[in-house]
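Reviewing the structure listed below.
Read-outs: derived from the displayed coordinates by stated rules, not from any lab. Computed from a predicted structure; not experimentally measured. Note: ideal-geometry Cβ built from the backbone for every residue, glycine included; neighbour counts use all protein chains shown.
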């Protein structure tokens, strides 16, 4: 294995985004991640979750894992990874043949072998199907139109609430309602998927709907709550401060990592909409500044959850909030750089390199303990490539939207 390239040359001044040493280091991490997660592909098709060494962990295949691999390796295909098409092909096949419900429509949350492990139909999983289908279409996958048409119709029929301009959350396998929960997380990833669908098709309705979701959460909820985004809502979209659900997907309180994701997605929407004078840049700065100020811990890393006043609730430090912070800061540096953004960008990457990136084997550890060393408490193995790949890849691009389109015409950065 070659000696890892340093984060940046010691004498570098200005922005790391334009430094050839840092950019080459990012490129090396992208390649390392893609190589590691190639091992996810099963010989018979489908995917495994991998342990820290890249050994498969038995268990069901979950919808968000399948779809995120398709999206991530569509990015890999666009940048020239020679094995990426095998991952995309396998994911598209599993989505259509195993996750898809051929009788009642929609997509099962998890499958194992030839059986349904969990038939719940979640907006969270379905918007990732839309993301995967859109990304596959942008690289010209022959089965992408079929999947894109199907998932668009399912979301329209069951999840999209046009009166509210928001997504409903969850149904049983037969589409009967079993809860009145409404949440931010599925809607946030809905913005991501709708923007990708707009990029893939040019259809303005996707951009419009993404804007309506952003208007609610960023335009209304964020300023009303001191730029901390409430996660959980009632059926009437009133904030539910007492809700506590799945500790990974729906923890109590607020999740600063989601504010960081929303900041980047807000700017992506603004860019695709023609950069109108709507205050989007200032809103993104407010979201990012509040999240970093509240959640950055004394020993580094971002706390997982906060209470509604911004006090740390769960100190657990995961990889994905750091990855999303990198994406948000890098996007703002491209649009409206401030000295503090460069400071955060360097701090975040230095922390990620020291604690999360597995430079020996590839991929990122998902969680670190109080001593800063990797631990396996909430996650099994290295659960996905999606957040960390985008953290390393998106800063290398000149734009803030249409990443696959840019990658198709982008040569690999040369080593300095």
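See the values below:
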read-out	value
Value of Rg to Rh for the range 204-281 (Rh from inverse mean 1/r over Cα pairs, i.e. Kirkwood)	1.00
GNM flexibility winner over the chain from 112, 340, 170 (Cα, springs under 10 Å)	340
Sequence of 408, 121, 334 once ranked by neighbouring C-beta atoms within 10 Å, starting from the fewest	408, 334, 121
Per-selection Rg to Rh, the range 189-232 - Cα, Kirkwood hydrodynamic radius	1.09
Residue with peak Gaussian network fluctuation, the chain [Cα springs, cutoff 10 Å], from 249, 171, 37	249
Residue 118 versus residue 44: modelled label distance in nm, points set 7 Å from Cα along the beta carbon direction	2.3 nm
Relative intensity, log₁₀ I(q)/I(0), of the range 168-300 from a Debye sum that treats every alpha carbon as a point, q = 0.14, 0.18 Å⁻¹	-0.67, -1.04
Theoretical FRET efficiency, 1/(1+(r/R0)^6), r = Cβ-Cβ of residue 238 and residue 406, R0 41 Å, to 0.05	0.50
Exposure proxy ranking, count of Cβ atoms within 10 Å, fewest first, for 101, 299	299, 101
Per-residue Cβ neighbour rank within 10 angstrom, fewest leading, 135, 40	40, 135
Alpha-carbon Rg/Rh ratio, for the range 326-399, with Rh computed the Kirkwood way	1.02
Estimated 222 nm signal from helices in the chain, with DSSP H stretches of n ≥ 4 weighted -39500 (n - 2.57), rounded to 500	-14000 deg cm²/dmol
For the range 17-398, alpha-carbon Rg and Dmax in angstrom	19.4, 56
Largest-first principal axis extents of the Cα set of the range 244-384 (Å)	45, 37, 27
Size descriptor, Kirkwood hydrodynamic radius, that averages inverse alpha-carbon separations across the range 64-121, Å	12.0 Å
